[in-house]
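These notes are about the structure you will find just below.
All of the numbers you see were taken from the coordinates with simple rules; none came from a lab. Nothing here was measured: the structure is a model prediction, and the numbers come from that model. Reconstructed Cβ throughout: ideal geometry from the backbone, glycine too, with neighbour counts over all protein chains shown.
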Amino acid sequence: MIDPQELQDWLLFCEDNHTFDPNHFSTMFMELYLAPLSEKDKQDLALIFSHVSNSEHILEKMIRMDARAEDKTESEIIELVNSDLKEMRQLINSQPVLDAIDRGIAEEVKNETHFEVAVDSDLNHQFIHILSDFFVGQLANSNGKVRALSNAFYGLASNLHLQWALTADLLNTDINFNHYFELYLIGVDYAITKNGAVVMNYRKITNG
């Protein structure tokens, strides 16, 4: 659920009756999915996004996050990862990262420790840093409501790529982050290494 006080603060913020730092709302969605969404939760989400332009798709995504998405085949997952990498490639200005992306998918790992090694690789850090810089620049030119919501999106799962996939709908960008959102829904993540993308299917590990 959404804390009633945070919802009230958000409405005051949107109606220009009170000034809040955008970071004030970083926990607004943090406990939203601890239980299935109620009708009241859905109404609160609709109310929150009604104060922000171009947020219809985000509301749809937030509702979808409440339900278990159908599993995808290995080929469908590969297609989603490659499609996301193709979009992210447009933002990359590092030749080593570009070379790694162009190598495609290196492997699908089944061990979380192995995946964390890939996440912690220098190239993946460069990849994330470049994308972060892009969003910092985009948000610098956005209004306080967009910046506040972006902070709240990060609070959902402490996942930068998910934050970007939701925030992108509010920004003036042609980069498509929806592929990553679809990966997130089915429990899939990836990281960039010198050999290419390393893919982790958390749902597959959970289900054995």
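Data table
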read-out	value
Calculated FRET value between residue 102 and residue 5, using beta carbons and R₀ = 45 Å, to 0.05	0.40
Estimated distance in nm for a label pair at residue 129 and residue 178, the labels positioned 7 Å out from Cα along Cα-to-Cβ	3.3 nm
Rg/Rh ratio calculated on Cα atoms of the chain (Kirkwood radius)	0.98
Table column - 3J(HN,Hα) (Hz), the stretch 85-99, Karplus curve with 6.51, -1.76, 1.60, x for Gly and Pro	4, 4, 5, 5, 4, 5, 9, 8, 10, 10, 4, x, 5, 4, 4
Scattering profile of the stretch 155-208 at q = 0.16, 0.21 Å⁻¹ [log10 I(q)/I(0), Debye over alpha-carbon scatterers]	-0.56, -0.87
Histogram of C-alpha separations across the stretch 4-64, 5 Å bin width, %	4, 16, 27, 28, 18, 6, 1
Förster-model FRET efficiency, 41 Å R0, residue 93 and residue 203, C-beta, rounded to 0.05	0.75
Cα-derived Rg over Rh, computed across the stretch 45-114 with Rh taken as Kirkwood radius	1.10
Normalised per residue, the volume of the convex hull around the Cα set of the stretch 86-196 (Å³)	100 Å³
R0 of 45 Å, Cβ-Cβ distance residue 54-residue 79: FRET efficiency to nearest 0.05	0.95
Karplus-derived 3J(HN,Hα), 6.51/-1.76/1.60, for each residue of the stretch 140-154, Hz, glycine and proline x	4, 9, 9, 7, x, 5, 5, 5, 5, 5, 4, 4, 5, 5, 5
